[in-house]
Amino acid sequence: MNPRPTPPDVDRVAAAKAAVAARRARAAVKHSVAGRSRTALDVAETAWAQPGSAEATLRVTELLTSIPTLGPTRVAKIMNSLAISDRKRVGGLGTRQRSKLRDYLVGRAGGEPARLVVLAGPTAVGKGTVSAYIRENYPDVLLSVSATTRAPRPGEIDGVHYYFVSDEEFDRKIADGELLEWAIVHNSYRYGTPRPPIDTALAAGRRVLLEIDLQGARLVRQAMPEAILVFLLPPTWDELVRRLIGRGTEDAAEQTRRLETAKVELAAQDEFDVKVINRDVSQAAQEVVELMAVPVST
Ligand code: 5GP
């Protein structure tokens, strides 16, 4: 015998409609947090004041993930530190969990927006194009100029695109502690981020963008945990291959090596706080800059 008799059709239709409406209402709440028209703290307070509301039925992970600067990795860490299980809904939290979540969200609300953003992503995804667009269109943002031991490409200017330095000079920078991070990229040349200009800019309240490789991004996370790590994604893998081959600045062996690196790099995307898809350069640049809450310059 079936212990749970099937409800009549009209009830099932009504229940399905109610479920769709509830899902839509929750999506609208998440959207408002993602678009910064509401704070996550306000959503939580509403959830606790109104037990049957859309806010109350939202999962805590969904609420945190909709905060623009929090990616899944960071959310998982926060949930762990708050000792709240993934399946918990905001309205279903006990008194102690509520007060922990409230303290966390109040802390965020009073906190400074992150001013250091690291832009990384697979080879040829267009990090350079996006950061060049930011340099042109958002002059308030300091774009860090890296030091490198590779030779300039046609059109590259020393001190603008890179500081082109000798191996000896790079060694000296490391020895003198001048680099925030450095790495050997594509098994060939060394690249590093000079620290003094970044410290000066942050101390003066400026926003700073670093466009570096994955190894560098990990090192910055260790040195400056407050940095937001952004992973730039291609619209599709095929598009990434097209962009890589299309650039035509490397020989076949180098292209193969870079494709292999790109595969490994793509696999690291979940370590990042935010993912931005590079469909359109100006759109991707805007998304990156918005993470730093810099007004759009005209
Ligand atoms: P390219 O030689 O094509 O300009 O850059 C090669 C790679 O080096 C890119 O993936 C770029 O993000 C990375 N890169 C540039 N500057 C730095 C840096 O200062 N540190 C690290 N770790 N990588 C960098």
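The values are calculated or read from the model by the stated rules, or taken from the named source; none is laboratory data. These numbers were taken from a predicted model, which means no experiment stands behind them. Please note: Cβ atoms are built from the backbone with ideal geometry, for glycine as well, and neighbour counts cover all protein chains shown. Remember, those area values only see protein heavy atoms, side chains included, never the ligands or the DNA or RNA. Shrake-Rupley method; radii C 1.70, N 1.55, O 1.52, S 1.80 Å.
What is the sum of charges around SER188, taking Lys and Arg as +1, Asp and Glu as -1, for the other residues whose C-beta is under 13 Å from the C-beta of SER188? Local net charge: -1.
Assuming charge only on the beta carbon of Lys and Arg (+1) and of Asp and Glu (-1), the dipole of segment 97-181 about its Cα centre is about 760 debye to the nearest 20. With both labels modelled 7 Å from their Cα along Cα-to-Cβ, the THR249 to THR95 distance reads 6.3 nm.
Each listed q (0.15 Å⁻¹) maps to a log10 I(q)/I(0) for segment 69-141 from the Debye sum over equal C-alpha point scatterers, namely -0.72.
In loop segments of segment 7-67 as defined by DSSP, the trypsin sites (Lys or Arg not before Pro) with at most 16 further C-beta atoms inside 10 Å of their C-beta are ARG36. Looking only at VAL230, VAL274, VAL13, which one moves most when the chain is put into a Gaussian network model with springs between Cα atoms under 10 Å? In the Gaussian network model the winner is VAL13. Residues whose amide H comes within less than 5 Å of that of LEU233, counting only those at least five positions distant or on another chain, are VAL276, ILE277, ASN278 (H built at 1.01 Å from N in the peptide plane). Exceedance of the 29 Å cut-off in Cα-Cα distance is limited, within the set LYS100/LYS263; LYS17/LYS100; LYS77/LYS275; LYS30/LYS100, to LYS100/LYS263; LYS17/LYS100.
Using C-alpha pairs below 8 Å separated by at least 6 residues, the relative contact order for segment 1-154 is 17 percent. As a ratio to 2.2 N^0.38 Å, the alpha-carbon radius of gyration for the chain is 1.21. Between VAL220, VAL281, VAL160, the residue with the greatest mean-square fluctuation in the GNM of the chain (Cα pairs under 10 Å linked by springs) is VAL160.
How much net charge surrounds PRO72 when only other residues with a Cβ under 12 Å from its Cβ are counted (Lys, Arg +1; Asp, Glu -1)? Once all neighbours under 12 Å are counted, the net charge is -2. Distant-in-sequence amide contacts of LEU58, defined by a placed amide H-H separation under 5 Å and a gap of 5 or more residues or a different chain, comprise VAL90, GLY91. Seen from ALA227, the other residues with C-beta closer than 10 Å to its C-beta sum to a net charge of 0, counting Lys and Arg as +1 and Asp and Glu as -1.
How many Å³ per residue does the convex hull of the Cα positions in segment 1-154 occupy? Please list the in-between numbers first.
Working: hull volume 35.4 nm³, N = 154.
Enclosed volume per residue, from the Cα hull, is 230 Å³.
The angle between the Cα long axis of helix 237-247 and the longest principal axis of the Cα atoms of the chain comes to about 20 degrees, rounded to the nearest 10.
Taking all protein chains in place and a 1.4 Å probe, what share, in percent, of the accessible surface of the chain do carbon and sulfur account for? Write out the running numbers ahead of the final one.
Values: 8590 of 15820 Å².
The computed percentage sits at 54.
Accessible area ranking (1.4 Å probe, heavy atoms, ligands and nucleic acids excluded), largest first, for SER166, SER144: SER166, SER144. Mind checking the angle between helix 281-291 and the chain's longest principal axis? C-alpha axes, 0 to 90 degrees, to the nearest 10. Roughly 70 degrees between the two axes. Sites listed here are GluC sites (Glu not before Pro) in segment 199-298 whose DSSP assignment is loop and whose Cβ has at most 14 other Cβ atoms within 10 Å: GLU226. Under the shape rule built on the C-alpha gyration tensor, where the axes satisfy a ≥ b ≥ c, segment 153-298 is oblate, since a/c reaches at least 1.5 while a/b does not exceed b/c.
Largest mean-square fluctuation among PRO194, PRO152, PRO234, in a Gaussian network model of the chain whose springs join Cα atoms under 10 Å apart, belongs to PRO152.
Protein heavy-atom accessible surface, 1.4 Å probe, per residue over the chain: 53 Å².
Compute the Cα gyration tensor for segment 66-215, then decide on rounded, prolate or oblate, letting a ≥ b ≥ c be the square roots of its eigenvalues: rounded whenever a/c is under 1.5, prolate when a/b is larger than b/c in the other cases, and oblate in all that remain. Prolate shape, in that a/c is at least 1.5 and a/b is the bigger ratio.
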